[in-house]
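> Attaching a single structure in structure tokens format; questions to follow.
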Amino acid sequence: MNSSKQAVQFRPFTRTEHAFQKLRVCKRCGQFTALWEEKCTSCGRDTLVPIEQYARLRTKRYFHKDLTVGIALLAASVFFGHSPQQMLLCGVVGALLLLPLILLQQRIVTYEQRRQLIRLFRGRIEQIQEGLNVNHKNAVALRQLSERVCYEMLREIAILIHNDRIRLQQVALLQSFVLRKDMELTLDPLLIKSFEPLMVRYIGEVARLHRELIKDRTFRYVVFYERRILEMAGGEDILVRVASAAIRKKRYVVTHAAFISRYVRKLPKERIQRLYHIIQENPLEPFGDLADEVKIMYLMEQYKN
């Protein structure tokens, strides 16, 4: 274990159904944030609310405005009535006309909240981007003080900002921590397009701790940069771990049979046994030369025993 790495405990990460649900907005000044601060960093007020709650408030104001206009017209018609009977009639008719409006508002409230959200995103996209940029700057500024908090902030921001710069910043920070099996790690959202040794080393750590996170995108990345990974110190060990992770599913074995075959002789015995059983149970699948190699290795191991 690298003694320079920090032992940390990450704050729980809250997942949302939609990425935009990470956003909060200040009711006072309109500043947006994806972080967990209690007070707005722009105006200092304790007026931050979730974006959907803000849309509900806008919907209520929109409905109240319509009702206010209706009530004002009703009051005017009553006020300018020429007789008590006419005033009463205007009041009754006006009230009957307001009732459908109230019922209609109750029926379309969900639709109107969605419409307010869309209008909010379309009309204030620059303010949202500005708020997220402020979040990013604040996160980077905190790195010297706490790399853990910096990573946690970047993890939140990355749900809404998708670029290789933020992905690589997260990977670099993760490499400064002692990673453990009990940590909630991720891989696919962090993959970048270019070759980066930090990324490769992180893949190796994930393959060791959470092989279930190694999926198609990671296999494609590793195969594409395989030659360059082999040139890295410990690069072959990382490729062996990734090949071992592929054996957990038949689909991965079929798709990446050529890749696995290049490292099959360095796989642990139990992975060879699993690989042998996958191949034997699926004789019609196109495993290619991998099937013969695994069969020979398996029989040799059985002979030794």
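> On the basis of being closer than 30 Å to Cys40 by Cβ, in the same structural domain as Arg24 (by TED's automatic domain parsing) and touching a residue at least 40 places away in the same chain (Cβ under 8 Å), does Leu132 make the cut? Outline the logic, then answer.
On the way: closer than 30 Å to Cys40 by Cβ: yes; in the same structural domain as Arg24 (by TED's automatic domain parsing): yes; touching a residue at least 40 places away in the same chain (Cβ under 8 Å): yes.
It is true that Leu132 is closer than 30 Å to Cys40 by Cβ, in the same structural domain as Arg24 (by TED's automatic domain parsing) and touching a residue at least 40 places away in the same chain (Cβ under 8 Å).
> Sticking with this one: Among the residues of the stretch 30-56, write down those that are of a type in the set (A, V, I, L, M, F, W, C) and either farther than 23 Å from Arg122 by Cβ or surrounded by fewer than 14 Cβ atoms within 10 Å (Cβ to Cβ) (or both).
Leu35, Trp36, Cys43
> Hey, any hits in the stretch 176-189 for a residue that's assigned to a helix (DSSP H, G or I), at pLDDT 95 or above and crowded, with 17+ Cβ neighbours inside 10 Å?
No - not one qualifying residue is present in the stretch 176-189.
> Take Lys27 and tell me if it is within 22 Å of Phe177 (Cα to Cα), more than 21 Å from the chain's Cα centre (by Cα) and modelled with pLDDT under 95.
On the way: within 22 Å of Phe177 (Cα to Cα): no; more than 21 Å from the chain's Cα centre (by Cα): yes; modelled with pLDDT under 95: yes.
No: the conditions fail for Lys27.
> Which one is nearest to Glu212 (Cα to Cα), of the residues in the stretch 276-305 that are part of a helix (DSSP H, G or I) and charged (D, E, K, R)?
At the first step, the residues of the stretch 276-305 found to be part of a helix (DSSP H, G or I) are 276-281, 289-304.
Imposing the further condition that a residue be charged (D, E, K, R) reduces the set to 281, 289, 292-293, 295, 301, 304.
On the way: Glu281: 22, Asp289: 25, Asp292: 26, Glu293: 25, Lys295: 25, Glu301: 27, Lys304: 32 Å.
Only one residue tops the list, namely Glu281.
> Report, by residue number, each residue of the stretch 116-156 that is closer than 23 Å to Ile51 by Cα and hydrophobic (A, V, I, L, M, F, W, C). Walk me through it before giving the result.
Within the stretch 116-156, the subset closer than 23 Å to Ile51 by Cα is 116-139, 152-156.
The answer is Leu117, Ile118, Leu120, Phe121, Ile125, Ile128, Leu132, Val134, Ala139, Met153, Leu154.
> Taking only the stretch 3-40 into account, find how many residues are part of a loop (DSSP other than H, G, I, E, B), under 21 Å from Glu184 (Cα atoms) and either without any contact (Cβ under 8 Å) to a residue 60 or more places away in the chain or not aromatic (Phe, Trp, Tyr) (or both). It would help to see each step written out before you state the result.
Residues of the stretch 3-40 that are part of a loop (DSSP other than H, G, I, E, B), as a first pass: 3-5, 7-18, 23, 27-31, 34-40.
Imposing the further condition that a residue be under 21 Å from Glu184 (Cα atoms) reduces the set to 5, 7-18, 34-36.
Still in the list and also either without any contact (Cβ under 8 Å) to a residue 60 or more places away in the chain or not aromatic (Phe, Trp, Tyr) (or both): 5, 7-9, 11-12, 14-18, 34-35.
Counting residues in the stretch 3-40 that are part of a loop (DSSP other than H, G, I, E, B), under 21 Å from Glu184 (Cα atoms) and either without any contact (Cβ under 8 Å) to a residue 60 or more places away in the chain or not aromatic (Phe, Trp, Tyr) (or both) gives 13.
> For residues that are of a type in the set (Lys, Arg) and more than 16 Å from the chain's Cα centre (by Cα), scanning just the stretch 126-164, find the one that is nearest to Val25 (Cα to Cα). Let's see the steps before the verdict.
Initial filter on the stretch 126-164 (of a type in the set (Lys, Arg)): 137, 143, 148, 155.
Of the ones still in play, those that are also more than 16 Å from the chain's Cα centre (by Cα) are 137, 143, 148.
Numbers: Lys137: 18, Arg143: 25, Arg148: 25 Å.
Among those that are of a type in the set (Lys, Arg) and more than 16 Å from the chain's Cα centre (by Cα), it is Lys137.
The values are calculated or read from the model by the stated rules, or taken from the named source; none is laboratory data. Everything quoted here is computed from the prediction, not taken from an experiment. With ideal geometry, Cβ positions are generated from the backbone for all residues, glycine too; neighbour counts draw on all protein chains shown.
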